[in-house]
Amino acid sequence: MTRVWLPPILFLLCGTGLAVGLFLDQNPGTAVVLLLVFVLLAGVNSPLVFPRSIGAAEAKRRSAADGRPVVYWRPGCAYCLRLRMRLGRRARRAHWVDIWRDPEGAAAVRAVNDGNETVPTVVVSGRPHVNPAPAWVHEQLSRPA
């Protein structure tokens, strides 16, 4: 759990430290802007941006029932964030598995990536796709189940 929140906490701490330094140097406007940038970075790197994660076993079960893709991801991954942002509200239609919280999910990703935890890995109809184009995933989510 702490590993999930480490990047956002570091962004907040660094931003706060820099903002305090700028504020003490009589640059309050710059300090506020910098702090807002770091808060935004912390927010987009937090698990709060992603739909609620479920376990790998539950995601596989649901995917088999409704035909929706399973997206294996981890917080702090720029490619996962890019995929999530590009999918917009449609991202909630996929089943998201945080590999840092679910050992079975991490093992599933390693099994299809030569032992590496390369994310995002999207599984559609039992076939894994590593770091697919967001447009392709969007298309998969648009298909009727």
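Across G15, G88, G105, mean-square fluctuation computed from a Gaussian network of the chain (C-alpha pairs under 10 Å connected) peaks at G88.
Other residues lying with their Cβ under 12 Å from the Cβ of A108 contribute a combined charge of -1, Lys and Arg counting +1, Asp and Glu -1. Sparse packing (at most 16 other Cβ atoms within 10 Å of the Cβ) combined with a DSSP loop state is found for the following trypsin sites (Lys or Arg not before Pro) in segment 48-101: R52.
Each stretch of four or more DSSP H residues adds -39500 (n - 2.57); spread over every residue of the chain, this sum gives -17500 deg cm²/dmol at 222 nm. Compute the angle between helix 78-87 and the longest alpha-carbon principal axis of the chain, please, reported from 0 to 90 degrees and rounded to the nearest 10. The answer is roughly 70 degrees.
Note that the chain shows a convex hull volume over its alpha carbon atoms of 104 Å³ per residue. Applied to segment 36-41, the Karplus parametrisation 6.51 cos²θ - 1.76 cosθ + 1.60 on θ = phi - 60° returns per-residue 3J(HN,Hα) values of 4, 4, 5, 5, 5, 4 Hz, with x for Gly and Pro. Hydrodynamic radius of segment 76-145 by the Kirkwood approach over all distinct alpha-carbon pairs: 12.5 Å.
Per-residue extension of 0.36 nm, minus the Cα-Cα distance of R110 and E139, leaves a gain of 7.9 nm for this segment.
Taking the Cβ-Cβ separation of R62 and L10 as r and a Förster radius of 22 Å, what is the calculated FRET efficiency to the nearest 0.05? That pair, R62 with L10, gives E of 0.10. Scoring 134-140, 94-100 by mean Cβ neighbours within 10 Å over their residues and listing the highest first yields 94-100, 134-140. What you get for the chain, charging only the Cβ of Lys and Arg (+1) and of Asp and Glu (-1), is a dipole of about 620 debye around the Cα centre. No disulfide-compatible partner, judged by a Cβ distance under 4.7 Å, exists for the following cysteines of the chain: C14.
FYI, it's all coordinate maths here, none of it is from the lab. Just so you know, these numbers come straight off a predicted model, no measurement behind them. As a convention, Cβ positions derive from the backbone with ideal geometry for all residues, glycine included, and neighbour counts pool all protein chains shown.
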